[in-house]
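First up is the structure itself, then whatever we jot down about it.
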Amino acid sequence: MADDLIPLLEEVVSGCRDEHFVYWGSRDFMAGWALNSSDGVLVANAKWDFVASGDIALLENAGSLRLTKRKFASTVHRSAERIWTAQCRANEKWRCGLGGMDVL
């Protein structure tokens, strides 16, 4: 998942494209996100293909997510940092970090 987060974050923050699509999958869910940005605001629409809990209808009815690009970048950064830290701990490499991500 981290391999998807970092390029997505770079694309959104750089502003080189206004539309982004990412397909997420794990053992607990599968979903496609269509992200559109304009004037510093990001709108995410998700299409849920599978949710382990079976709550697809609830998620589909939640509607679009709207937030600033800055808030999106901050949230993705925190998520990527947690993933990275967990991977480092699993590999017993305690001196890991996301150097360079602090510019966000």
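Remarks
- Scanning segment 81-104 for residues that are modelled with pLDDT under 75, touching a helix residue (DSSP H, G or I) at 6+ places or on another chain (Cβ under 6 Å) and in a helix (DSSP H, G or I) gives a single hit, Met101.
- Scanning segment 35-73 for residues that are in a helix (DSSP H, G or I) and surrounded by 14 or more Cβ atoms within 10 Å (Cβ to Cβ) turns up Ile56, Leu59, Lys69, Phe72, Ala73.
- Failed condition for Ala2, given (1) surrounded by 14 or more Cβ atoms within 10 Å (Cβ to Cβ); (2) of a type in the set (Gly, Ala, Ser); (3) modelled with pLDDT of 90 or more; (4) under 24 Å from Ala86 (Cβ atoms): (3)
For (1) within 18 Å of Glu10 (Cα to Cα); (2) small (Gly, Ala, Ser); (3) in contact (Cβ under 8 Å) with a residue 12 or more places away in the chain, each residue gets a yes or a no:
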| residue | (1), (2), (3) |
| --- | --- |
| Ala44 | yes, yes, yes |
| Trp48 | no, no, yes |
| Arg66 | no, no, yes |
| Thr75 | yes, no, no |
| Glu81 | yes, no, yes |
| Trp84 | yes, no, yes |
| Gln87 | no, no, yes |
| Ala90 | no, yes, no |
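The values are calculated or read from the model by the stated rules, or taken from the named source; none is laboratory data. Remember, predicted model here, so these are calculated numbers, not experimental data. Note that each Cβ is placed from the backbone with ideal geometry, even for glycine, and that neighbours are counted across all protein chains shown.
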